[in-house]
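The values are calculated or read from the model by the stated rules, or taken from the named source; none is laboratory data. Predicted model, so just to flag it, every value in this text is computed and none were measured. Note: ideal-geometry Cβ built from the backbone for every residue, glycine included; neighbour counts use all protein chains shown. Only protein heavy atoms, including side chains, enter the accessible area calculation; ligands, DNA and RNA are left aside. Shrake-Rupley method; radii C 1.70, N 1.55, O 1.52, S 1.80 Å.
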Amino acid sequence: MELPILPYNDILKGTDGFSESNVLGKGRYGTVYKGTLENQAIAIAVKVFNVQQSGSYKSFQAECEALRRVRHRCLLKIITCCSSINHQGEDFRALVFEFMANGSLDGWIHPNLDRQNGQGALSLSQRLDIAVDIVDALDYLHNGCQPSIIHCDLKPSNILLNQDMRARVGDFGIARVLDEATSKNPLNSSSTLGIRGSIGYIAPEYGEGLAVSTCGDMFSLGITLLEMFTAKRPTDDMFKDGISLHGYAEAALPDEVMEIADSNLWLHDEASNRNDTRHIARSRQCLFAIIQLGVLCSKHLPSERLSIRDATAEMHAIRDKYFSSQ
């Protein structure tokens, strides 16, 4: 898939001259603006790369390379790109995506820290649907693409929610397309020069110089699942002196999962459900399964982690069982 090229002036106009009031977020390599495409009258998100930032061109190339290969309902849809010269005669690079009305998953898990759109809390049912979307996206990247694509930076702030509260995995700025040899054996070694991820979500073996692999994404997935249902960031102040989010969750299995669950999970429960022993038991069983899945995906050793195929099957089973028993 070759991306159509959008002129610089169209992006300038569509974002009101890159107005500060249209900023949706800022990242390592650039800024994301809300805008519109005048000829199509549709809302867009424009990721403008900071060309002064070291590594931004490589990130732009990596994202273009990954996104032109993929098409899946659970991945953020790219509309077009722009590689041009701005009015100051400087290089300009941007990617244009579909606009996600409900912002990032991070803002919903931690609503007190980031109240996008005055949002409230996510229910257990909503989180289960979102988790299924995330594993489906990762399964597609690892198994539905030839060669496989490693996301390398899976975390709640890179997972966006549409109008219907369904998830789209985005930000492929440090994604890697595996060569065939590495795809066949994800534990094979290849260059990891310049590998970057996010503290708390990056697989421990990357810090030890091991290769980028599907196993690394599985670690990030496990941590993301644990954060989704406990509302604890892996970088929380409580995780120090050898205590981690993985260890905290593992220690709660099997009997204390309700104690570590995000209390906002129950805000949507009707008063009758809160005292319904069957509902409480069903919720406990569901949380046990999801916390256990997050722990199995985020094992320290890559070889001990679940594969995305197994994790996807388990996640679907957890959601379907919870919904069928309602």
Notebook entry, point to check: Residues with amide H under 5 Å of ILE79's amide H, sequence separation 5 or more or different chain, H placed in the peptide plane at 1.01 Å from N; which?
Noted result: VAL96, PHE97, GLU98
Notebook entry, point to check: In degrees from 0 to 90, rounded to the nearest 10, what is the angle of the helix 214-230 Cα long axis to the longest principal axis of the chain?
Noted result: 60 degrees
Next item on the list: Can you check what the Kirkwood hydrodynamic radius comes to for segment 22-113, Cα pairs only, in Å to one decimal?
Entry: 14.4 Å
Check: Kirkwood Rh, segment 1-57, all Cα pairs: how many Å?
Finding: 12.1 Å
Next item on the list: Give me the accessible area of ILE5, 1.4 Å probe, in Å² rounded to the nearest 10.
Entry: 110 Å²
Checklist line | Linear extension gain, SER19 paired with ASN162, 0.36 nm per residue minus alpha-carbon span | finding: 49.2 nm
Check: Which distance in nm do the two modelled labels at MET238 and GLN61 give, with both placed 7 Å along the Cα-to-Cβ direction?
Finding: 4.4 nm
Item checked: Candidate lysines for bridging to LYS155, where Cα separation is under 28 Å - those fewer than 8 sequence places away on the same chain excluded -> LYS26, LYS34, LYS47, LYS58, LYS77, LYS184, LYS232, LYS240, LYS299, LYS321
Notebook entry, point to check: Around LEU24, which amide H atoms from residues at least 5 apart in sequence, or from another chain, sit under 5 Å from its own amide H, with H modelled in the peptide plane?
Noted result: VAL32, TYR33, LYS34
Check: Assuming R0 = 45 Å, what is the FRET efficiency of ASP310 and GLN52, from their Cβ-Cβ distance, to the nearest 0.05?
Finding: 0.55
Next item on the list: Note down the nm distance, to one decimal, between modelled labels 7 Å out along Cα→Cβ at HIS279 and at ALA101.
Entry: 2.7 nm
Checklist line | Structure-derived volume of the Cα convex hull per residue in Å³ - corresponding label in (i) 194; (ii) 132; (iii) 144 | finding: (iii)
Margin query: To test your reading of the geometry: what angle, between 0 and 90 degrees and rounded to tens, separates the Cα axis of helix 277-297 from the longest principal axis of the chain?
Written below: 50 degrees
Note to self: I need the trypsin sites (Lys or Arg not before Pro) found in segment 200-284, filtered to DSSP loop residues with at most 14 other beta carbons within 10 Å of theirs.
What the structure shows: LYS240
Margin query: With +1 assigned to the C-beta of every Lys and Arg and -1 to the C-beta of every Asp and Glu, and no other charges, what is the dipole magnitude of the chain about the Cα centre in debye, to the nearest 20?
Written below: 360 debye
Notebook entry, point to check: Stretched out fully, how many nm does the piece from ILE5 to ILE42 gain, at 0.36 nm a residue minus the Cα gap?
Noted result: 11.6 nm
Notebook entry, point to check: So what does log10 I(q)/I(0) come out to for segment 281-324 at q = 0.15, 0.19, 0.34 Å⁻¹, using the Debye formula with one equal point on every Cα and no solvent?
Noted result: -0.38, -0.57, -1.18
Margin query: Need one value: the accessible area of GLU256 in square angstrom, 1.4 angstrom probe, rounded to the nearest 10.
Written below: 100 Å²
Next item on the list: State, as an integer percentage, the relative contact order of segment 1-104 based on alpha-carbon contacts under 8 Å between residues 6 or more apart.
Entry: 29 percent
Checklist line | Helix 308-324 vs. the chain, principal-axis angle (Cα, 0 to 90°, nearest 10) | finding: 60 degrees
